[in-house]
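Contents: one structure, followed by commentary.
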Amino acid sequence: MEIFKEPFGKLSDGAEVSRWVLINEKGLAAKILDYGATIQSLIVPDKNGNPVDVVLGHDTIEEYVAGDCYLGATIGRVGNRIGEGKFELNGEKYELFVNNGPNHLHGGKKGFDSFIWEAEREGDFVVFKRISPDGEEGYPGNLEVSVKMGWKENSFTIEYEAKTDKDTVINLTNHSYFNLNGAGSGDIHSHTLEINAEKYTVCDENCLPTGELASVSGTAMDFRTPKLIGKDIENDEPCVKLSRGYDSTFVISGHPFAKATGDLSGITLVADTDQPGVQLYTANFLTDSRGKGGLECGLRSAFCLETQHFPDSIHHPEWPSVILRKGEIFKSFTSYTFV
């Protein structure tokens, strides 16, 4: 395994940003920024053996700082939405920054995606660490977080670990945007996708779960057998129409939980996790912007498989809990295997 670090520019305050490059024996490569513990590139071979970069990203740190789409970033302290930016824990009420309509989204005004993480090599992996201080974005407890990334043969793996000195809430994920035909190659309507899920979280007009877990059977949300992502993406069902495409959490019912294939490249991505849900997002609000190499990336030019607990779980005690107690250790993994 070849691993090295290189400069990737500076923030406006002069802080230096680095990029870690990991290349395994099979030639699969990953480029990860310490800014936001962000996956900038994943380069894998297509059906003809040619290298293809399958995730969206930017060429400069200035573009990442200016962006608002979380391209490839680690998301926390709580990914997805918390209703009205409020929750109660141990009898205490907490208020968070509201940055998505009436709700709190992806950690708030300055989430984990907007910090430079400490990073170091650990064997064939790179580990990114930071301490989120008590009160950051309104969350309780000093939270120590580590995200370990790297290749295991043809699988890119992400391992999360966290502990706190005070009961808190946590829902970590990664927000990589995949286009298996190559970043900047157009929309992903002709990608084939399969998701092992019998149910999904029904949401209101602000993408906040109502509490209902509905069956995918007979709906546009049914990916239990492979189908084109674009087949039902213009459907009039509220779960699709309100978001201009897919932006919902599926309740994972089997493993691996997803399989996607690029129609032009022949690259297949097999995804797995130990989390109870996955948010499928089809870049419905990605504005036309300059991606790597000057290529344009716009509406539905990628899909995300954000492994996580269900959105707003803190308000739904019947769902898997996002509460991390003092003295406990949170651990989770996600893997993306390319075949």
Lys152: which aspartates and glutamates have alpha carbons under 15 Å from its alpha carbon, excluding same-chain residues fewer than 8 sequence positions away?
Glu2, Glu25, Glu122, Asp124, Asp272
Quick check for you: with a 1.4 Å probe and neighbouring chains kept, what is the accessible area per residue of the chain, in Å²?
40 Å²
Which of rounded, prolate or oblate describes region 243-286 when judged by the alpha-carbon gyration tensor and an a/c cut-off of 1.5?
oblate
With only helices counted (DSSP H, runs n ≥ 4, each -39500 (n - 2.57)), the per-residue ellipticity at 222 nm for the chain, to the nearest 500, works out to -500 deg cm²/dmol
Taking a quarter of the surface of the Cα convex hull of region 1-138, what do you get in nm²?
10.5 nm²
Which residues qualify? For Gly57, with a placed amide H closer than 5 Å and at least 5 residues away or on another chain, they are Lys292
Would you mind putting 95-103, 255-263 in packing order, based on average other-beta-carbon counts within 10 Å, highest first?
255-263, 95-103
Using only alpha carbon pairs under 8 Å that are at least six residues apart, calculate the relative contact order of the chain and give it in whole percent.
17 percent
Given Cβ point charges of +1 (Lys, Arg) and -1 (Asp, Glu) and nothing else, what value in debye, to the nearest 20, does the dipole of region 169-274 about its Cα centre take?
240 debye
Label corresponding to Cα extents along the principal axes in Å when calculated from the structure given, among (1) 52, 51, 41; (2) 59, 51, 34; (3) 61, 44, 37:
(2)
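Run through region 74-135 and list the trypsin sites (Lys or Arg not before Pro) located in a DSSP loop whose Cβ has at most 16 other Cβ atoms within 10 Å. Working shown, then result.
Values: sites: Arg77, Arg81, Lys86, Lys93, Lys109, Lys110, Arg121, Lys129, Arg130; in loops: Arg77, Lys109, Lys110.
The qualifying sites are Lys109, Lys110.
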Given Cβ charges of +1 for Lys and Arg and -1 for Asp and Glu, the option among Met221, Ile116, Gly186 whose Cα lies farthest towards the positive end of the dipole of region 88-236 is Gly186
Please find the FRET efficiency linking Ala66 to Lys129, where r is the Cβ-Cβ separation and R0 is fixed at 41 Å, and quote it to the nearest 0.05.
0.95
What percentages, rounded to whole numbers, describe P(r) for region 183-339 computed over all alpha carbon pairs with 10 Å bin width beginning at zero?
11, 38, 35, 14, 2
What's the FRET efficiency of Leu299 with Asp263 using the Cβ-Cβ distance as r and R₀ = 22 Å, to the nearest 0.05?
0.75
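The values are calculated or read from the model by the stated rules, or taken from the named source; none is laboratory data. Quantities reported herein were computed from a predicted structural model and do not represent experimental measurements. Here the Cβ is made from the backbone with ideal geometry for all residues, glycine too, and neighbour counts use every protein chain on show. Note: areas computed on protein heavy atoms with side chains; ligands, DNA, RNA excluded. Shrake-Rupley method; radii C 1.70, N 1.55, O 1.52, S 1.80 Å.
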